Amino acid sequence: MESTPLTTSVPPTALPDDLYFNFPATVTSDDSAAHTITPSIFRELPEPDVHILASGGLRIPAHSGILASISPVLEHVIDRPRKKRTAEKVISILGVPSDAVVSFVRFLYSSRCSAEHLEKHGIHLLALSHVYMVPQLKAMCTKDLAQRLTIESVVDVLQLARLCNAPDLYLKCMKFVADHFKFVEKTEGWKFIQDHDPWLELDILQFIDETESRKQRNRRIRKERKLYLELHEAMECLEHICSEGCTIVGPSNVDPKKEREPCSHYSTCHGLQLLIKHFATCKKRTNSVGCGRCKRMWQLLKLHSSICDHSECCKVPLCRKFKQRSSTSPDENNKRKDDAQWKMLVRKVVSAKAISSLSLTNKKLSDLEEDRMIGHRGIGSFRLQSVRRYRS
Ligand SMILES: [Zn+2]
Ligand SMILES: [Zn+2]
Ligand SMILES: [Zn+2]
């Protein structure tokens, strides 16, 4: 079989020596020159039997068997009957720079694509890999493009990802746009979308909107979870103060010890002890105006009673009283709603600890640090205010 000579009049770019990488074929510009990288394999390969025509008239000699084995689309093109039996097989890959086609052919032969080529021709290689159904190259391109997103390129890549049905890359682009929208909306790419693709613009704006509300929802859930956890801690402290006693307050048969080491939840515990001291002596506790701090203490005692499963021997004041009251509470309609909300609060405080210990295993150290900081501020707004007011 005779090799087909390169018939390009003036090739815009010379074919690189390593075009076929470690799966070499002949790259002949005249009969005497035949480049091979690994001669042992080369000797087993037949002469090129097909040419790929790239933009600018570049003709890349190739092997139909290899092209067909990697790309079902190229296989179909190769198997298509030609007008003349003797006509030379030429596959046109136009519309992308010829360098990108060379990189594409190189991948078909070697299953490899260097970082440099991916960076230079990533967008075109993604398009080629999609059109010619080369999933390995497509996966490489989407991964690489996702890592190289910039404010300027993201809209183009997003459009391409949609055209090439690359959902991972599309999602990454969407997230990138959402995170940098105030810069992206100033780019030419964004203006182009606004003028030419209102549906995509709408998709992106909706995605940004959903991302923002999801973030807000997550923030709210985290805030709530922290509050329940703090309330749970306060419940533990209350029992510990009423049964063992801590630094300032303790049961009547146990002397509070000033020199005693702070307990494990000391910050919460200390605030709670101040609140108990206030509760015990506040003159406004029972008058008609009422006292905000005493009301909070009252709620904590009620919360404890709702959670407590050993009321009979419990040392926390009013535990049994609250239990009795709740079991004989009237069934009025207006009370039902309050009761349901209260039960929900109790359930969440009880489960707060379990949820936190489960999620704790997955938490990053930084989050732990953040939690610790919040822990030091005490049991949320509840104790923060009370301690500040007590101290002032
Ligand atoms: Zn304590
Ligand atoms: Zn008070
Ligand atoms: Zn109790």
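Values for this structure:
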{"item": "Criterion violated by residue 141 - all others in (1) farther than 15 Å from residue 168 by Cα; (2) at pLDDT 95 or above satisfied", "result": "(1)"}
{"item": "Residue match in segment 303-314 (condition: at pLDDT 85 or above, assigned to a loop (DSSP other than H, G, I, E, B), within 16 Å of ligand 3 (Cβ to nearest atom) and surrounded by 14 or more Cβ atoms within 10 Å (Cβ to Cβ))", "result": "yes"}
{"item": "Residue 14 small (Gly, Ala, Ser) and either at pLDDT 90 or above or open to solvent by less than 20 Å² (accessible area, probe 1.4 Å) (or both)", "result": "no"}
{"item": "Residue in segment 183-202 that is more than 16 Å from ligand 1 (Cβ to nearest atom), in contact with a Phe, Trp or Tyr (Cβ under 7 Å, 6 or more places away or on another chain), in a helix (DSSP H, G or I) and open to solvent by less than 20 Å² (accessible area, probe 1.4 Å) present", "result": "yes"}
{"item": "Checking residue 279 against (1) touching a Cys at 6+ places or on another chain (Cβ under 8 Å); (2) within 10 Å of ligand 1 (Cβ to nearest atom), the condition it does not meet", "result": "(2)"}
{"item": "Yes/no for residue 241 being surrounded by 13 or more Cβ atoms within 10 Å (Cβ to Cβ) and among the β-branched types (Val, Ile, Thr)", "result": "yes"}
{"item": "Count of segment 298-314 residues which are among the aliphatic types (A, V, I, L, M) and either outside the structural domain of residue 278 (by TED's automatic domain parsing) or within 16 Å of ligand 1 (Cβ to nearest atom) (or both)", "result": "1"}
{"item": "Segment 283-297 - residue that is under 22 Å from residue 343 (Cβ atoms) and open to solvent by 10 Å² or more (accessible area, probe 1.4 Å) and, of those, farthest from ligand 1 (Cβ to nearest atom)", "result": "295"}
{"item": "Near pairs, Cβ below 7 angstrom, 6+ apart or cross-chain, from segment 124-137 (small (Gly, Ala, Ser)) to any residue that is crowded, with 24+ Cβ neighbours inside 10 Å and at pLDDT below 95", "result": "none"}
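Residues are listed down the side, and each one gets a yes or a no for (1) closer than 24 Å to residue 114 by Cβ; (2) in the same structural domain as residue 301 (by TED's automatic domain parsing):
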site: 126; (1), (2): yes, no
site: 157; (1), (2): yes, no
site: 162; (1), (2): no, no
site: 201; (1), (2): no, no
site: 206; (1), (2): no, no
site: 232; (1), (2): no, yes
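The values are calculated or read from the model by the stated rules, or taken from the named source; none is laboratory data. None of the values given here were measured: they were computed from a predicted structure. Because the Cβ atoms are built from the backbone with ideal geometry, glycine has one as well, and the counts that use them run over all protein chains shown. Calculation scope for accessible area: heavy atoms of the full protein, side chains included, ligands and nucleic acids excluded. Shrake-Rupley method; radii C 1.70, N 1.55, O 1.52, S 1.80 Å.
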